[in-house]
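To start, the structure under review is shown below, and the notes come after it.
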Amino acid sequence: MIEFVLNNKLIKTDAHAGMTLLDFIRSEQQLKGTKIGCREGDCGACTVLIGSLNDKKKTHYKSITSCISPLGNAHGKHIVTVEGINLEGKLNTVQTALKNNNATQCGFCTPGFVMSLVGLTLQDNLISKADAIMAISGNICRCTGYKSIEKAAYKIYENIIEIPITNRLSWLVENAFLPDYFLTIPTQLKKIATNIPTHKNGTIVAGGTDLYVRQADNLAASEVHLINQNQKLAGITFYKDRCIIGAETTVNGLYYNTAMLTYFPEIRNYLKLVSSEPIRNMATVVGNFVNASPIGDLTIFFLALNASITLQNESHSLRTILLKDFYKGYKILDFKSDERIVSIAFNVPKVDSKFNFEKVSKRKHLDIASVNSAIQLSVSNNKVDFIYLSLGGVAPIPFYLTATCQFLTGKTLSVEILKEAAQILQQEIQPISDVRGDESYKRLLARQLFYAHFLKLFPRAFQILELVN
Ligand SMILES: Cc1cc2nc3c(=O)[nH]c(=O)nc-3n(C[C@H](O)[C@H](O)[C@H](O)COP(=O)(O)OP(=O)(O)OC[C@H]3O[C@@H](n4cnc5c(N)ncnc54)[C@H](O)[C@@H]3O)c2cc1C
Ligand code: FES
Ligand code: FES
């Protein structure tokens, strides 16, 4: 049985764990405020909040798109729809900010924006004003125009930024952001049994952001193995010079991890290019690996870290392989049917090594890459000690540039050497023409991104014109 708190109501249901949370909310609970737009995670009309009792005292909330989230992932959680933030007979402070800034017209997208902005007020890690816009990065409005919505978002941010997170919930209740039942949620959640309703032989579902776009109907009718709530697969740990990432870690799990920020000072700029806030809240890194898309951003990122993955089979035996050896052909993986990935590991970058990630897509945000690339290298006395280089969108698999890396290792960096390496790179890759660009465009992007790494990492040594002429 799936048990969770929906707004202020305890739900106990035998509904199929693989059905979408959106369908359960609208069809089974008749809560029609959560809208259906794209059903692909793109528009944000179906945004709700999911609250987890992480430390047994406090509920941590994040926004998700309910159209691509399995109902079973709600087990033990607090799900908040737009009906759940109503105050008796009056608009709450978030709704008032949207109204006062003329930030709504037809109103279809408005519940989604409201929920994303309520999510902003509950966010533990507010860093800057830009977070207000990031909170609504997954919401599309077709008629109002975004400036008035942005103004409302900034107003809400200014209201809450000075309020410490430890007192924030009671402050939000006192200041008409949230109804007071929110204060009782930790007690309500503690009463729910923690065992996850799941089928060990069903399709493995983590965040569901790949699977549900393609096969929501199948998953609503077949068995699903939900691994999202398995605490043994959670967390990012550091041991000596290794970083170990549990398979349940989401993209935002990386984004907000302060140790990752120390090792990769630009990581938040890279990850902002991956989907939108609600998708990053759900999407796991491992889901990106197993999806095996040749342009998976996280896969390209971790290939350049020479990461390894550890797989566990039914009898609990473990085996560890390099991520680059996981890919055998288009969507063909070194993966046995009884295995699942339990962790990712990589050597943390040493102080003298450099890392960069680049992505080109038709739109800067909320778009899949045409070509993406990552590099990690160490150079001493201008000589390359080691280099790991990956390129997406140029082969049937997320591509590790073995020959180019071999060529560059031990070489003294110069314009001539980089030009020679760029030619080897062109021989290694096999891009095809598709909706994201024709072959020649992708070859051009591959060259430009290769050079972009060196221009960014060694700005004094290289000039763009020297490289491209
Ligand atoms: C609107 C939208 C925007 C997106 N934008 C981007 C983008 O910009 N860049 C990008 O790279 N991707 C993007 N994606 C794709 C997707 O979000 C990512 O690929 C994500 O990382 C998938 O993770 P998940 O946990 O949701 O995977 P799921 O959908 O749960 O699973 C994906 C696959 O992994 C398998 N799996 C999951 N965990 C395990 C495990 N531990 N062991 C074995 N198999 C496992 C599943 O069985 C399934 O085959 C986007 C998706 C959406 C809906
Ligand atoms: S309906 Fe568009 S994101 Fe869910
Ligand atoms: S107000 Fe009409 S879609 Fe946003």
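The values are calculated or read from the model by the stated rules, or taken from the named source; none is laboratory data. All values reported here derive from a predicted model rather than from experimental measurement. A quick note on method: Cβ atoms are made from the backbone with ideal geometry, for glycine too, and the neighbour counts reach across all protein chains shown.
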| said: Give me the residue from region 25-59 that is over 16 Å from H75 (Cα atoms) and free of Cβ contacts under 8 Å to residues at least 12 places away in the same chain and, out of that set, nearest to ligand 1 (Cβ to nearest atom). | reply: R26
| request: Please work out if G41 is in a loop (DSSP other than H, G, I, E, B), in contact with a strand residue (DSSP E or B) (Cβ under 7 Å, 6 or more places away or on another chain) and either within 16 Å of ligand 3 (Cβ to nearest atom) or on the phi > 0 side of the Ramachandran plot (or both). | output: yes
| said: Within region 282-289, does at least one residue satisfy the condition of being of a type outside the set (S, T, N, Q), surrounded by fewer than 20 Cβ atoms within 10 Å (Cβ to Cβ) and either in the same structural domain as L126 (by TED's automatic domain parsing) or on the phi < 0 side of the Ramachandran plot (or both)? | reply: no
| note | Of the residues in region 411-469, those that are acidic (D, E), under 18 Å from G392 (Cα atoms) and in contact (Cβ under 8 Å) with a residue 12 or more places away in the chain come to E428
| query | Which condition does T121 not pass, out of (1) surrounded by 22 or more Cβ atoms within 10 Å (Cβ to Cβ); (2) part of a helix (DSSP H, G or I); (3) within 16 Å of ligand 3 (Cβ to nearest atom), if it passes all the others? | reply | (3)
| task | Please verify whether region 279-296 includes one or more residues that are within 25 Å of L377 (Cβ to Cβ), touching a Lys or Arg at 6+ places or on another chain (Cβ under 8 Å), modelled with pLDDT of 95 or more and assigned to a helix (DSSP H, G or I). | result | no
| note | Reported set for region 400-441 where residues are assigned to a helix (DSSP H, G or I), out of contact with any helix residue (DSSP H, G or I) (no Cβ under 6 Å at 6 or more places or on another chain) and charged (D, E, K, R) is E416, K419, E420, E439
| Do we find a residue being within 30 Å of L311 (Cβ to Cβ) and assigned to a loop (DSSP other than H, G, I, E, B) anywhere in region 369-392? | no
| Identify, please: which residue in region 98-118 is assigned to a helix (DSSP H, G or I) and of a type outside the set (A, V, I, L, M) and is, among those, farthest from ligand 1 (Cβ to nearest atom)? | N100
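Filtering region 124-150 down to residues that are outside any loop (DSSP other than H, G, I, E, B) and within 15 Å of ligand 3 (Cβ to nearest atom), which residue is surrounded by the most Cβ atoms within 10 Å (Cβ to Cβ)?
I149
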| query | Between residues in region 140-167 that are within 16 Å of ligand 1 (Cβ to nearest atom) and residues that are at pLDDT 90 or above and among the acidic types (D, E), which pairs lie under 9 Å by C-beta distance while being six or more apart or on different chains? | reply | I140/D42
| What are the residues in region 93-116 that are under 29 Å from the mean Cα position of the chain (by Cα) and away from ligand 2 (no atom under 16 Å from the Cβ), if any? | T93, V94, Q95, A97, L98, A103, T104
| task | Being more than 27 Å from the chain's Cα centre (by Cα) and more than 24 Å from D352 (Cβ to Cβ) is the filter; apply it to region 448-469 and report the residue that is modelled with the lowest pLDDT. | result | L465
| remark: Among the residues of region 152-189, the number that are surrounded by 12 or more Cβ atoms within 10 Å (Cβ to Cβ) and farther than 17 Å from N92 by Cα is 7
